[in-house]
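The values are calculated or read from the model by the stated rules, or taken from the named source; none is laboratory data. Note that this is a predicted model, so its numbers are computed, not measured. Positions of Cβ are generated from backbone atoms using ideal geometry, with glycine treated the same way; all protein chains shown enter the neighbour counts. Ligands, DNA and RNA are stripped out before the accessible areas are found, and what is left, the full protein with its side chains, is counted by its heavy atoms. Shrake-Rupley method; radii C 1.70, N 1.55, O 1.52, S 1.80 Å.
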Amino acid sequence: MNEEKIIDGKLVASTIREVLKQKTAILRDTQNIIPTLAVLLVGDNPASKVYVSGKAKACIEIGYNSIVKELPDSASEDEVLQIVNEWNNDPLIHGILVQLPLPKHINETKVLLSLNPAKDVDGFHPENVGRLVAGLPGFKPCTPAGIIELFKYYNIETSGKNIVVIGRSNIVGKPMLNMLYQKQDYSNATVTICHTGTKDINYFSRNADIVIAAMGFANFVKANMIKEGAIIVDVGMNRIEDNTKKSGYRLVGDVDYNDVFPKASMITPVPGGVGPLTIAMLMVNTFKAATNEFYH
Ligand code: GUN
């Protein structure tokens, strides 16, 4: 099939990681700084475990230090806050990431607010959220920042385009919206955000030049929801049962890929589309934290 339609996230991510590898060697040799990322994982959510080990592996491969602390599901909010506080005050730790979701008895907002914004490589602290909305420099959430990198790499014009984002999560939908309307390169679009309160998603998605699906609903976007030639970005990572797989499941996106493919001009696959960019951008943010790019 039309290979050139496929947006290769693995390729873009490995290009970004290769550049970081070289910059990290220079930083180490010239300033004796080794970017260090500390990750806190609470509980035993299997998907979170996979993500955290991927983040640690990426650190090592680029030449960063990686710290991973695991706490049981029964850990208290105070224990979590105490670890974040220690890491906030440790000058050898540049980036801090608390893997989400946290167990229900821990207040996520309280934990995010406790992060030092200068070490918030996820860009989830309200200070960084505010900076993003105001168009000021700051840490930007990795997945939507990675989607902008895909647009850059493939020189996908967004200025003046109609972009529909489906899903309003704090991790993807909201920051994606807030990036795409900024008066900047690979943004400057007219953005509509659709969600569970939207009466007729098709009405909006059929008029979109670019559709970004990020609502966490397997195979939701069908060919009849998009216009001919639309660019489709699929952020979904849904596990669906598959007894032919050793793991018992397979990953599918929020887009019905086979249905949408013939009508799309470009499309991200799952896996290998947006996913690899999330870790690559986390590595970019960790480098920026180590070199104090935003907070002095
Ligand atoms: N859970 C799902 N995605 C993410 C992410 O990008 N960062 C964190 N901290 N948790 C997540």
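Of note:
- Considering the conditions (1) within 20 Å of the chain's Cα centre (by Cα); (2) open to solvent by less than 20 Å² (accessible area, probe 1.4 Å), Val68 is excluded by exactly one of them, (2).
- If only residues of the stretch 18-49 that are farther than 22 Å from Leu92 by Cα and in contact (Cβ under 8 Å) with a residue 40 or more places away in the chain are counted, the one that is farthest from the chain's Cα centre (by Cα) is Gly43.
- The set of residues in the stretch 49-67 being in a helix (DSSP H, G or I) and more than 17 Å from Ala13 (Cβ to Cβ) consists of Lys49, Val52.
- Just one of the listed residues (Ile67, Ile62, Ile33, Ile106) is modelled with pLDDT of 95 or more and in contact with a strand residue (DSSP E or B) (Cβ under 6 Å, 6 or more places away or on another chain), and it is Ile67.
- Residue identified as within 13 Å of the ligand (Cβ to nearest atom), of a type outside the set (Lys, Arg) and either closer than 22 Å to Val233 by Cβ or out of contact with any helix residue (DSSP H, G or I) (no Cβ under 9 Å at 6 or more places or on another chain) (or both) among Val52, Val12: Val52
- Residue within the stretch 246-255 that is closer than 28 Å to Ala58 by Cα, more than 16 Å from the ligand (Cβ to nearest atom) and surrounded by 23 or more Cβ atoms within 10 Å (Cβ to Cβ) present: yes
- Just so you know, in the stretch 90-130 the residues that are among the acidic types (Asp, Glu) and under 16 Å from the mean Cα position of the chain (by Cα) include one that is farthest from Ala56 (Cα to Cα), and it is Asp120.
To keep it simple, each residue is scored yes or no on (1) away from the ligand (no atom under 16 Å from the Cβ); (2) closer than 20 Å to Asp120 by Cα; (3) in a loop (DSSP other than H, G, I, E, B).
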position	(1), (2), (3)
Val19	yes, no, no
Gln22	yes, no, no
Ala47	no, no, no
Lys69	no, yes, no
Asp78	yes, yes, no
Ile93	no, yes, yes
Ile96	no, yes, no
Leu102	no, yes, yes
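- Test: residue in the stretch 41-58 that is among the charged types (D, E, K, R), surrounded by fewer than 13 Cβ atoms within 10 Å (Cβ to Cβ) and closer than 30 Å to Glu18 by Cβ: yes
- Test: residue in the stretch 82-89 that is among the aromatic types (Phe, Trp, Tyr) and either within 22 Å of the chain's Cα centre (by Cα) or in a strand (DSSP E or B) (or both): no
- Each residue in the stretch 125-139 was checked for being surrounded by fewer than 23 Cβ atoms within 10 Å (Cβ to Cβ) and within 13 Å of the ligand (Cβ to nearest atom), and 1 of them qualify.
- The set of residues in the stretch 8-17 that are open to solvent by 10 Å² or more (accessible area, probe 1.4 Å) and either without any contact (Cβ under 8 Å) to a residue 12 or more places away in the chain or assigned to a helix (DSSP H, G or I) (or both) comprises Lys10, Leu11, Ser14, Thr15, Ile16, Arg17.
- Single unsatisfied condition, Ser247 versus (1) under 30 Å from Glu127 (Cα atoms); (2) among the polar types (S, T, N, Q); (3) assigned to a loop (DSSP other than H, G, I, E, B): (1)
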